[in-house]
Each structure stands twice: as C-alpha cells, then as structure tokens.
Amino acid sequence: MLFPGGCSQSSIPINKTEMLTLRSEREILKMRRAGLTVWHALRIAGSMMRPGVATAEIDRRVERFFDDQGATSLFKGYPGKVPYPAVTCISVNEEVVHGIPGSRVLAEGDIVSVDTGCKIDGWCGDSALTFSVGRISELCRKLLDVTSGTLDLAIESMGHCGYWSEVAVKMESLVKKNGFSVIESLVGHGIGREMHEDPQVPNYVSTEILRYGDFKIQPGLVIAIEPMVNAGSKKITLLKDHWTFRTSDRKPSAHFEHTVAMTRSGVMVLTGPPKDESEKIDISAYLG
Ligand code: MF3
Ligand code: CO
C-alpha cells in the first residue's frame, strides 16, 4: 500500500501498538481459507508465464477462479482516482506494483509481478510473487532471489524479534548488501476484515519509524509483509493510468508478499502452500 500522502511526499508512518487489532486463533484459521485461495490463484497465474500471453488473459483466469470459489476480489473496484479495474495487479520489468492487466504481451526474459487478494466469509488474504518468463538476465535472477530472500528473512525473524523495526532493519540490510534499493514510499500493512488495516509495515527503518512507526510483534498480529526491491534507485514514478508505479530509472523491480500471522505456536504464513490434502484445491481446469 501507499504511505498516506502519496508516493511523492515523504510521510511519517504512525503506528500505535495499543491501537492494533489482535486476532484470535479461530479468526486466524478463518483467514487461512482466503490465504489458500490466493496461493492457488498465484499458481494459476504462474502456469501462464510464457511469451505471447497478454496480462489481461491472466487476470481473467484468476477472476474466473475466484468466482467459482465464491471469493470476492479485494482489488476490483478498490477506490482511487479511478477505481481499480482488475482482480490482479500485474507489473512487468520496470513496473514496480499496481500494474493494470491489459493488452501487453509477455516476452522471453520478462519478470512479472502478480499481486492478488480475496475475501472469503469476511476475511482477507493478500499475496504477490514475481515470476520469470523463460530465461532471464543474471541481474533479474539475483533481484528475484534477493527480494524473495528478504521476505523469507522477515518471516523467519518475526519469530524471535520483539518489535517490527528489528525485522525491518534486517530486510533493509540484506537488500543493500546486494547492491539493490528498498522502496520507501510503499509499505506492507495490517490485514484482517479489510485488506488495508493498521499497522503500516515498512521494509526499512528511519528515525521517524523508530519514533512513531514501530509496533510490537505479539500473538494475534496479522500483517501483509511485502518487500519491493529495485535494481537501481529507490525512486518510483506514477504513470498516467493513476495506478501503475514504475522505477524512475527504468531498471527492473521485484515484489514478493505474504499474509503472515503471529500465533502462540509461532509464525503462520496464511498465503503459504497447502499443508495437507484437505488444504488442496483442484485447479487443473484453470492451468496453462
Ligand atoms: N497488495 C497490494 C497492496 O498491498 C495491492 C492492492 S492495490 C489495489 O497495496 F488497488 F489493487 F487494490
Ligand atoms: Co498488500
């Protein structure tokens, strides 16, 4: 999500631990349903990653799947300058996030971020992943590895960190160590009954965040963690469609996101893969 105030202004995140809604174990299990549906939707999208496929075709396939599952899209109609028109955001190469699916056709060597979310029985799930089309450059390969590694590191660190800032500092340093940059004007978010709830979940730290934007990691916390990493500068530009962000220097960007819950027994990735047969959904009719 965008920091309130927009991407061009620097704004200070304000989080107050006492204001966060904590979810019961029962509520978290309900969120798993939405999370699993999102996981399967991203597998469907992944099965369509080949040259010649238009991004709108991928979106249509995911929309049909959501409809058949009785899942409501969190993205379609999302308010903005113009309501968001699709159930996925598909952002290719130098596009960062919120790319609108359309007639653009995928080509060998593209990296393609697909972000989607749905609501089932009143509970939300939100996840994103950057796929590759055929063979990609070494730079893109490293960008994908570092960005997904940053999400993995965050999930792992949540289990033994007391405050979010301790996680964010690890994320930022992994990205920088690899010569890439963390986007600061877009952040993760709390999630539950709505897609965007408190707290804001930055992928970096600053004195302002340490002072006003930090929050405690405790059982019942449910957040969407979403590192957005640029190969070049952290600066991003909003396109005229009012949604798509691209890197200002037009170098590639990657995005990985999971909805994650902290529970008494540890960290649960609500948008992670099925753990047993009962969690599997038959998606064979939607693949390819
Ligand atoms: N997952 C994104 C986010 O966290 C995408 C939502 S943008 C929408 O902000 F407009 F498509 F909803
Ligand atoms: Co999100």
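What follows draws every value from the coordinates through simple rules; no lab data is involved. All of these numbers come straight from a predicted model, not from anything done at the bench. Don't worry about glycine lacking a Cβ; one is built from the backbone with ideal geometry, like all the others, and counts go over all protein chains shown.
The table below lists the values:
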{"item": "D121 being within 16 Å of ligand 2 (Cβ to nearest atom) and either buried (at least 20 other Cβ atoms within 10 Å of the Cβ) or more than 27 Å from M48 (Cα to Cα) (or both)", "result": "no"}
{"item": "Members of region 63-84 that are touching a residue at least 60 places away in the same chain (Cβ under 8 Å) and either more than 16 Å from ligand 2 (Cβ to nearest atom) or part of a helix (DSSP H, G or I) (or both)", "result": "R64, F65, Q69, K81, V82"}
{"item": "D145 being more than 21 Å from V222 (Cα to Cα), among the acidic types (D, E) and surrounded by fewer than 24 Cβ atoms within 10 Å (Cβ to Cβ)", "result": "yes"}
{"item": "Selection count, region 215-230, where residues are touching a Gly at 6+ places or on another chain (Cβ under 6 Å) and outside any loop (DSSP other than H, G, I, E, B)", "result": "4"}
{"item": "Filtered residue count, region 18-52, keeping only those that are assigned to a loop (DSSP other than H, G, I, E, B), touching a strand residue (DSSP E or B) at 6+ places or on another chain (Cβ under 8 Å) and farther than 14 Å from V114 by Cβ", "result": "5"}
{"item": "Residue match in region 183-206 (condition: in a helix (DSSP H, G or I) and buried (at least 19 other Cβ atoms within 10 Å of the Cβ))", "result": "no"}
{"item": "Residues that are assigned to a loop (DSSP other than H, G, I, E, B), out of contact with any Leu (no Cβ under 7 Å at 6 or more places or on another chain) and within 18 Å of H255 (Cα to Cα), drawn from region 145-182", "result": "N178, G179"}
{"item": "Residue within region 85-98 that is part of a loop (DSSP other than H, G, I, E, B), β-branched (V, I, T) and free of Cβ contacts under 8 Å to residues at least 60 places away in the same chain present", "result": "yes"}
{"item": "Cβ pairs under 9 Å, 6+ apart, first in region 178-202 and more than 19 Å from P79 (Cα to Cα), second acidic (D, E) and within 12 Å of ligand 1 (Cβ to nearest atom)", "result": "V201/E226"}
{"item": "Residue within region 99-109 that is within 15 Å of ligand 1 (Cβ to nearest atom) and touching a Leu at 6+ places or on another chain (Cβ under 6 Å) present", "result": "no"}
{"item": "Residue match in region 151-162 (condition: within 15 Å of the chain's Cα centre (by Cα), among the acidic types (D, E) and surrounded by fewer than 17 Cβ atoms within 10 Å (Cβ to Cβ))", "result": "yes"}
